[in-house]
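The values are calculated or read from the model by the stated rules, or taken from the named source; none is laboratory data. Quick caveat: nothing in here was measured; it's all calculated off a predicted structure. When we count neighbours, we look across all protein chains shown, and the Cβ atoms used for this are built from the backbone with ideal geometry, even at glycine.
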Amino acid sequence: MKTRIIGAIVALILAVAGAFVLVTYVRGADARAAEGAELAEVYIVQEPIAEGTAGESIEELVRVDTIPQRNLAEGYVTDLEELAGLVAATDILPGEQLLTARFVDPADLAARGDVPIPEGMQLVSFTLPADRVVGGQVRAGDKIGLVGTADPDEIGDEEDVVNPVSRFAFHGVLVTKVQGVAGVDPETGEEQSQGAGDSIMVTIALSAPDVERWVWFSEGEAAQYAQMWLTLENDNTDNSGTRPVNGSNAWQ
């Protein structure tokens, strides 16, 4: 019995010693391999980066690591500022080196129809003449505003006094798809003009309550109780100072 116990203890000691020797050897091999090699710092993805993620918002999703230069991938990111104004062109997984080739201009991502839908929002489409869609300049990935005009008179009023009110109803609405925009003439290569009355279908992302409001304006095109005009917004757009406009202040 004692012999078995002693044998088991000896076997355990030998196993621990063997593991220690193996780990020491592997570490030594790594050190020998790296000895004399030039090292470089690189960003390694540590949390998944979803397609469409802005380059300015990934700092907490990556870490800095040091690896031999021979292991560097072409186009590795040396400074996160290189990604300013760009978005992830595809999903980037943990463990990958951060590469500039994995980021593109938001317009390029939108051009291929890959505009990520913000969480919790849903899509809705509507159609307007080109002259109400900034002459057809709106593209997927853009942010738009909506100026709505409605007649506040309720149905059944004895006096049919027309005094419509116009005002901004939405700002910063994300466009995910645009159909019916004039393209390029395949024979001449020149951009084709967009007629003022040409129909353009626009798909946008909105919250559920805002979908109801937007549909109200869209239905108005046929029911003649509301009209819609879109604006093209950007990061520098100033939307301050707006007000409802009617016959009493339109000329002020």
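Taking segment 52-76 as the range and being of a type outside the set (Gly, Ala, Ser) and over 30 Å from Val175 (Cα atoms) as the test, the residues that pass are Arg63, Val64, Asp65, Thr66, Ile67, Pro68, Gln69, Arg70, Asn71, Leu72, Glu74, Tyr76.
Can you tell which of Thr127, Thr100 is outside the structural domain of Trp214 (by the TED database) and either touching a residue at least 24 places away in the same chain (Cβ under 8 Å) or over 18 Å from Gly172 (Cβ atoms) (or both)?
Values: Thr127 fails: outside the structural domain of Trp214 (by the TED database).
The conditions single out Thr100.
Mind checking whether some residue in segment 178-201 is surrounded by 12 or more Cβ atoms within 10 Å (Cβ to Cβ), under 25 Å from Thr53 (Cα atoms) and either at pLDDT below 85 or not assigned by the TED database to the domain that holds Ala89 (or both)? Scanning segment 178-201 turns up at least one residue that is surrounded by 12 or more Cβ atoms within 10 Å (Cβ to Cβ), under 25 Å from Thr53 (Cα atoms) and either at pLDDT below 85 or not assigned by the TED database to the domain that holds Ala89 (or both).
Scanning segment 106-131 for residues that are of a type in the set (Lys, Arg) and modelled with pLDDT of 90 or more returns no hits.
Mind checking whether some residue in segment 230-241 is β-branched (Val, Ile, Thr), within 23 Å of Val124 (Cβ to Cβ) and modelled with pLDDT of 85 or more? Yes, the conditions are met somewhere in segment 230-241.
The strands (runs of 3 or more DSSP E) falling completely within segment 41-156 that include 3 or more residues that are surrounded by 15 or more Cβ atoms within 10 Å (Cβ to Cβ) map to 122-129, 143-150.
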